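Novice: Okay, here's the structure, questions in a sec.
Laboratory data are not the source of any read-out in this text; all were calculated from the coordinates shown. Owing to the predicted nature of the structure, the values given are computational and were not obtained by experimental measurement. Here the Cβ positions follow ideal geometry from the backbone for every residue, glycine too, while neighbour counts run over all protein chains shown.
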Amino acid sequence: MRKLVLQMRISADGFVGGPKGEIDWLLRTMDESAISWIEDTLWQAGVHIMGSRTFYDMKNYWPTSSNQLAKPMNEIPKIVFSKKDQIETSTLEQTTQAFKDATRLDLENGINPLTKESISTWTNVPIASGDLATEILALKEQEGKFILAHGGASFAQSLVRLGLIDEYRLLIHPVILGKGLPLFSSVAAPTYLQLESSTILKTGIIANIYTPT
């Protein structure tokens, strides 16, 4: 039985995005060591799962990205979790503030999009539209490397609330937002975690791996 890993980048006060989903604070505190840490996790995964809003952002961003993470993001299979049985084929209008922030900051840092899409797995993506816990359990029962969940915020909150996460990989950024999209707001009772490893990265980001006890 394979495990479900949730990888999220969060602020020091527990938010995964600003009040409108902004992630400029997150991208401005990233460095090479954090990107390499994320890349290592991406390549370990057998499949990436995400909510539909995150899918729209990533489908429009990664196939033409020259970012270091583009290769694993484009090559590893995906599954989209959506209440609908199908997703829009034209998705640019469905993107969020996170997509806008990532695109804008890439240009500010001199990272230009590729003129041609790379070969990717963003088309004909399977859609899981049934009961969330049932769908996740079915995936866990399959053979292969672990399942990696990316978000967005509401999808991650649902996974946490239902106790489906087997391992948390959290990049804690050295910034306090004060308000925004929380990761753990839907937890009904305390969840105790065991710290498996902790790595301090260059810009003060702390990469922690936890397992629920």
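Novice: Within a Cβ distance under 11 Å of residue 50, other residues only, what is the Lys/Arg minus Asp/Glu net charge?
Specialist: Details: positive: 53, 59, 78; negative: 57.
Net charge around residue 50: +2.
Novice: Let me ask you something else. Estimate the FRET efficiency between residue 75 and residue 3 by the formula 1/(1 + (r/R0)^6), using the beta-carbon distance for r and 25 Å for R0, to the nearest 0.05. Numbers along the way, then the final one.
Specialist: Working: r = 21 Å, r/R0 = 0.84.
Efficiency, from the Cβ-Cβ distance: 0.75.
Novice: What lysines sit close enough to residue 71 to cross-link, taking a C-alpha to C-alpha distance under 28 Å and skipping anything fewer than 8 places away on the same chain?
Specialist: Filter leaves 3, 59, 100, 116, 140, 145, 202.
Novice: Sticking with this structure for a sec: Obtain the nm distance between the two label points defined at residue 138 and residue 44 by a simple spin-label model: each point lies 7 Å from its Cα along the Cα-to-C-beta direction.
Specialist: Taking the two extended label points, one gets 2.7 nm.
Novice: What is the antiparallel percent of DSSP beta bridges lying wholly in region 4-212, to the nearest 5? Present the calculation step by step, with values, prior to reporting the outcome.
Specialist: Working: 14 of 33 bridges.
In region 4-212, DSSP labels about 40 percent of beta bridges as antiparallel.
Novice: Return the label of the correct value of percent of Cα pairs over 27 Å apart, as calculated from the structure shown, out of (i) 44; (ii) 53; (iii) 27.
Specialist: Read-out taken from this structure: (iii).
Novice: To the nearest 20 debye, what charge dipole does the chain have about its Cα centre, counting +1 at the Cβ of each Lys and Arg and -1 at the Cβ of each Asp and Glu?
Specialist: The calculated dipole for the chain is roughly 200 debye.
Novice: For the pair residue 28 and residue 131, what calculated FRET efficiency results from E = 1/(1 + (r/R0)^6), where r is the Cβ-Cβ distance and R0 = 35 Å, to the nearest 0.05?
Specialist: On the way: r = 38 Å, r/R0 = 1.10.
Efficiency, from the Cβ-Cβ distance: 0.35.
Novice: Now for a separate question. Hey, for a label at residue 97 modelled as a point 7 Å past Cα toward Cβ, could you say which residues of region 152-169 have their backbone N under 16 Å away?
Specialist: Hits in region 152-169 for residue 97 at 16 Å: 152-154.
Novice: Also: Explain nothing, just the number: relative contact order of the chain, from Cα pairs under 8 Å at least 6 residues apart, as a whole percent. Kindly include the intermediate steps, with their values, before the conclusion.
Specialist: Values: 396 pairs, mean separation 79.1, N = 213.
So the answer I get is 37 percent.
Novice: Using mean Cβ contacts within 10 Å as the protection proxy, how do 56-62, 2-8 order, highest first?
Specialist: Values: 56-62: 22.7, 2-8: 18.7.
Top of the packing list down: 56-62, 2-8.
Novice: What is the gain in length, in nm to one decimal, between residue 211 and residue 13 on full extension, counting 0.36 nm per residue of separation less the C-alpha to C-alpha distance? Write down the numbers at each step before the final one.
Specialist: Working: separation 198, 0.36 × 198 = 71.28 nm, distance 1.99 nm.
Length gained between residue 211 and residue 13: 69.3 nm.
Novice: Something else about it: Sorting 192, 168 on the 10 Å Cβ count, fewest up front, what's the list?
Specialist: Values: 192 7, 168 20.
So the ranking, lowest neighbour count to highest, is 192, 168.
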